[in-house]
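A.B. asks: This is the structure I want to talk about, given as structure tokens.
Nothing in this text is a laboratory measurement; each read-out follows from the coordinates by a stated rule. Values in this document were obtained by computation on a predicted structure and should not be read as measured data. Positions of Cβ are backbone-derived with ideal geometry, glycine not excepted, and every protein chain shown enters the neighbour counts.
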Amino acid sequence: YSYIQGRHEAYDFPADAFENAYIHLHVPAGATPKDGPSAGITIATALVSLARNRKIRAKLAMTGELTLTGHVLPVGGIREKVIAARRSGIRRVILPDANRGDYDALPAHVLKGMRADFVAHYDEVHAFLWR
């Protein structure tokens, strides 16, 4: 949150967008272990979308752990996540740059028709959201 708030000008939302907002984010303790961090860039994107009062592009999936300084870290389960996106009709995914090898190792029939954008920092994620 603090990283996103500090980038309000770059992400085009008012500096006081969260001043009077009540945001409750709950990640249940019973969730699959280690799934929480994988949602880092997705949660950040939801907050930016809220602050901008603008929807992101449709049919886009993303995963990646996000540090307090905006760096996107690798996650596990790339195969499962890409297959889940494909089954849901999503053909474009944003993945951590460090997971490029995991994506490239997927079978050709899974990759057919898919587009992956690899990112190392949240600024790169943000660039894909609105086009």
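A.B. asks: Of the chain, which part is the longest with no GluC sites (Glu not before Pro) in a loop (DSSP not H, G, I, E, B) and with at most 12 other C-beta atoms within 10 angstrom?
C.D. replies: 20-131
A.B. asks: Now for a different question. Which FRET efficiency value, to the nearest 0.05, do you get for GLU9 and ILE56 by plugging their Cβ-Cβ distance into 1/(1 + (r/R0)^6) with R0 = 25 Å?
C.D. replies: Computed FRET efficiency for GLU9 and ILE56: 0.85.
A.B. asks: Continuing with this model, one more query. Give me the percent relative contact order of the range 1-122, please, defined on Cα pairs under 8 angstrom at least 6 residues apart.
C.D. replies: Computed over the range 1-122, the figure is 23 percent.
A.B. asks: Work out, step by step, the length gained on full extension between ILE83 and ALA120: first 0.36 nm times the residue separation, then minus their alpha carbon distance; give nm to one decimal.
C.D. replies: 11.1 nm
A.B. asks: Could you tell me which chymotrypsin sites (Phe, Trp or Tyr not before Pro) in the range 7-106 are loop residues by DSSP with no more than 10 other beta carbons within 10 angstrom of their beta carbon?
C.D. replies: Here the sparse-neighbourhood loop sites are TYR22.
A.B. asks: So if we plug the beta-carbon distance of LEU106 and TRP130 into 1/(1 + (r/R0)^6) with R0 = 25 Å, what FRET efficiency do we get, rounded to 0.05?
C.D. replies: 0.35
A.B. asks: Return the distance in nm (one decimal) between the two label points of a simple spin-label model at LEU68 and ILE43, each offset 7 Å from Cα along Cα→Cβ.
C.D. replies: Computed distance between label sites LEU68 and ILE43 equals 1.4 nm.
A.B. asks: Could you quote the convex hull projected area for the chain, Cα atoms only and averaged over all directions, in nm²?
C.D. replies: Average projection, Cα convex hull of the chain: 8.3 nm².
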